[in-house]
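What follows is calculated from the coordinates using simple rules that are stated; it is not laboratory data. This one's a predicted model, so the numbers in the text were calculated from it and none came from an experiment. Virtual Cβ from ideal backbone geometry, glycine too; neighbours counted across all protein chains shown.
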Amino acid sequence: MAEIRLRNVNKRFGGVQVINDVSLDIADGEFCVFVGPSGCGKSTLLRMVAGLEEITTGELDIGGKRVTRLPPSARGVAMVFQSYALYPHMTVYDNMAFGLQLARTGKPDIDARVRRAADILALGPLLQRLPKELSGGQRQRVAIGRAIVRSPGVFLFDEPLSNLDAALRVQTRIEIAKLHASLRASMIYVTHDQVEAMTLADRIVLLNAGEAMRRDGSIAQVGRPLDLYHRPANLFVAGFIGSPGMNVLPATLAGATPERAELVLRDGTRASARVDATTLPADATVTLGIRPEHVGLAPADGTSALAGRASHVEQLGEASYLYLETPARDGFLTVRQGGDTGVAPGDAVAVTLPEAHCHVFGPDGRAVPRHLTAGPTGRPGSAGVH
Amino acid sequence: MAAVPVACTQDRAPAPPTLAESRVRAAWLFLAPLVVLMVLVAGWPLCRTLWFSLTDADLKDLGAARFVGLDNYTGEFGVLRDPDWWRAVGNTLLFAGVSVAIETLLGLVVALVLDADFPGRSVVRAAVLVPWAIPTVVSAKMWAWMLNDQFGVINHVLMTTHLISQPLAWVADPSLALGSVIAVDVWKATPFMALLILAALQMLPTDCYEAARVDGIHPVTVFVRVTLPLIRPALMVAVIFRALDALRVFDLVYVLTSNSRDTMSMSIYARQQLVDFQQVGLGSAAATVLFGTVALCTALAITLGRVRLEGAAG
């Protein structure tokens, strides 16, 4: 059993606060991803769990044991480093066996463990190679193998895919997911890539950086990937999760019932959202958020739709992105359309903002509670065109 | 251009040089000054020494030198038959072996300390260099005074702390002299070793050490199994540098103990033959054998080092 419990954990380097008040429970066997912008301290938090960085204040338990002041080796964790951290002068076999020889493990047992890890990771033919004779993906597998042989309760991954090329990253990501399914160990995985976070995590911990970290604590939101996607707690989470990012439009609250909020956009367009904004004062300055894939194209004569003009069009084959200039916001409104689109740069385009897909954020940036008819993973169907 | 057959180009104007040719030409142009300088300051004296070693040249009249073949090497009074020469060889090898061994060990310790993070590290690093920065003649003279049997501070301190009952003649006593010379050389050359090793230590990947910490590997094991193998190439270079220096040691020994047979090195022997006894032929022969010894040791060290490096890689 290796559940991980962080209680009011803080980290200061000198006078600089890098981790602010993190309390978090990671269940045994859970795959937890720390994600956030650069400088949010996600790697530092991982290294604090590993014991490579001291915890300034707060407590850390692993497997029910208080480990706050214990050295890394006494915590029952294994770590996979971004740069692989392989011993350059040792063969793949020795790299994996090195940590075991000193744990007074018998030679046949060491050999069995190394062979098993090599089987899992398809490293068998490479056991006598040196790290410099391996490709990046193979080195990463050796680093993972070195963690596996120790059969730890907790695996820690520090941006393990960031040195791999795009194709290999997808492949290794799937391998890590399979590994988690077969090993059933707790894993903490640090990445700045929200796609990795969404695809791998049982639960995502999104971390704040800078001023927000000092004000609200390091944790911006914790939840299942689709919770963060469908119910972002605030504008920062809404913007970080999802690619391209959520469109945000300044708006004024015109009316609110428990079921629906009526909004007026900057250019006078009226919109509505299935949120309960009754706690906000009337005429409050709010932000309407909608993801690019939820913006609909309106019929050409749609009088009540949001008007815009296509500035760029990106054709990706399976989808197209339209970047619209609209009086309702500065910058572009991004629209994702499946397949090809007939829209050319310069065309006038009118779009609709389906009310079931609209998010509303209060003046402080916090999300107003949404009504999702089919739960967070469902796809609410009704679309109110205004 | 390169595809044009040679036979054709001979009839016409010479083809303009290819890119590779002009690069080679430029390389020689840049190398030329150094080559000329090396021939003048190293090649010429070396050849002249080689020639003199085959003659009976005398310092008073170099022009009267006669060719005597290998007499200066293997003749009745040849270098290789002189017990003093073999004693100098023994002294030099002992000096080089012991001093380089101690300097390597101490240098490693100092480098490991300086590699650690502590306040004022850069100041200490600079301070450590002081013995190396002082010219050898100056530091040797300084040590000669400190080791002086009557007025030296070393004897004074040892006497007042009752570690010795009577003053020791550090550089005159045959049983102490070579040890004293080695001690001073260690004092002087350890910083050089330490800095070369420190440079190697700072090139080491830090993440390996973090991985070892997470895996709970004992620091001593990490040092023996990770650090030492990784710094060995740099360590070998440092040892070769110092060994070559030690084999041709002259200034330190000469200032501390002059021509004493107890500490005489091969260089001192050559100087004594050539200058004091004015036997340029014999001195040149000694210098030539010294040159050969150093060259042999270098070749040996590089070959052995390479073999071992390949052994580690294979």
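Okay, here's what the table says:
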{"quantity": "Aspartates and glutamates whose Cα lies under 16 Å from that of A:K11, excluding same-chain neighbours fewer than 8 positions away", "calculated": "A:D21, A:E53, A:E54, A:E59, A:E211, A:D216"}
{"quantity": "Neighbourhood net charge (13 Å Cβ-Cβ; Lys/Arg +1, Asp/Glu -1) for A:L253", "calculated": "-1"}
{"quantity": "Built amide H within the under 5 Å cut-off of A:A256, gap 5+", "calculated": "A:E262"}
{"quantity": "Part-to-part distance (alpha-carbon centres) for segment A:229-267 and segment B:9-49, which is given in Å", "calculated": "75"}
{"quantity": "Order by protection proxy (mean Cβ within 10 Å, highest first), peptides B:231-237, B:38-44", "calculated": "B:231-237, B:38-44"}
{"quantity": "When each of A:K42/A:K107; A:K132/B:K188; A:K42/A:K65 is checked by Cα-Cα distance, pairs over 31 Å", "calculated": "A:K42/A:K107; A:K132/B:K188"}
{"quantity": "Gyration tensor verdict on the protein assembly as shown (Cα atoms; rounded if a/c is under 1.5, prolate if a/b is larger than b/c, oblate otherwise)", "calculated": "prolate"}
{"quantity": "Global geometry of chain B, whether rounded, prolate or oblate, following the gyration tensor of its Cα atoms and the 1.5 cut on a/c", "calculated": "oblate"}
{"quantity": "Extension gain (nm, one decimal) between B:L80 and B:T18, 0.36 nm per residue minus Cα-Cα", "calculated": "16.9 nm"}
{"quantity": "Those residues of segment B:105-138 whose amide nitrogen sits under 14 Å from the label point placed on B:F223, 7 Å along Cα→Cβ", "calculated": "B:105-116"}
{"quantity": "Net +/- balance of residues flanking B:D262 in space, Cβ distance below 10 Å, scoring K and R +1, D and E -1", "calculated": "+1"}
{"quantity": "Shielding by partners, peptide A:140-149 (average Cβ within 10 angstrom, other chains)", "calculated": "1"}
{"quantity": "Most mobile listed residue (A:Q138, A:Q128, A:Q194) in chain A, GNM with C-alpha springs under 10 Å", "calculated": "A:Q128"}
{"quantity": "Three-way shape call for segment A:244-361 based on the alpha-carbon gyration tensor, with the a/c threshold at 1.5", "calculated": "prolate"}
{"quantity": "Average other protein chain Cβ within 10 Å of Cβ, residues A:84-95", "calculated": "4"}
{"quantity": "Residues with amide H under 5 Å from that of A:V18, placed H, sequence gap 5 or more", "calculated": "A:K11, A:R12, A:F13"}
{"quantity": "Chain A: most fluctuating residue of A:F157, A:F98, A:F13 per GNM, C-alpha cutoff 10 Å", "calculated": "A:F13"}
{"quantity": "The protein assembly as shown, dipole about Cα centre (Lys/Arg Cβ +1, Asp/Glu Cβ -1), debye to the nearest 20", "calculated": "820"}
{"quantity": "Within-13-Å neighbourhood charge of B:V79 [Cβ basis; K, R +1; D, E -1]", "calculated": "-2"}
{"quantity": "Residue of A:A97, A:A112, A:A201 that the Gaussian network model of chain A assigns the largest fluctuation, springs spanning Cα pairs under 10 Å", "calculated": "A:A112"}
{"quantity": "Calculated from backbone phi, Karplus (6.51, -1.76, 1.60) coupling profile of segment B:175-191 in Hz, x at Gly/Pro", "calculated": "7, 9, 4, 5, x, 4, 4, 4, 4, 5, 5, 4, 4, 7, 9, 4, x"}
{"quantity": "B:A101-B:T161 FRET efficiency (beta carbon distance; Förster radius 25 Å; 0.05 resolution)", "calculated": "0.30"}
{"quantity": "Residue-averaged [θ]222 nm for the protein assembly as shown, counting only DSSP H segments that reach four residues, each worth -39500 (n - 2.57)", "calculated": "-13500 deg cm²/dmol"}
{"quantity": "Size of electric dipole in segment A:1-136: Cβ of Lys, Arg +1 and of Asp, Glu -1, about Cα centre, debye, nearest 20", "calculated": "280"}
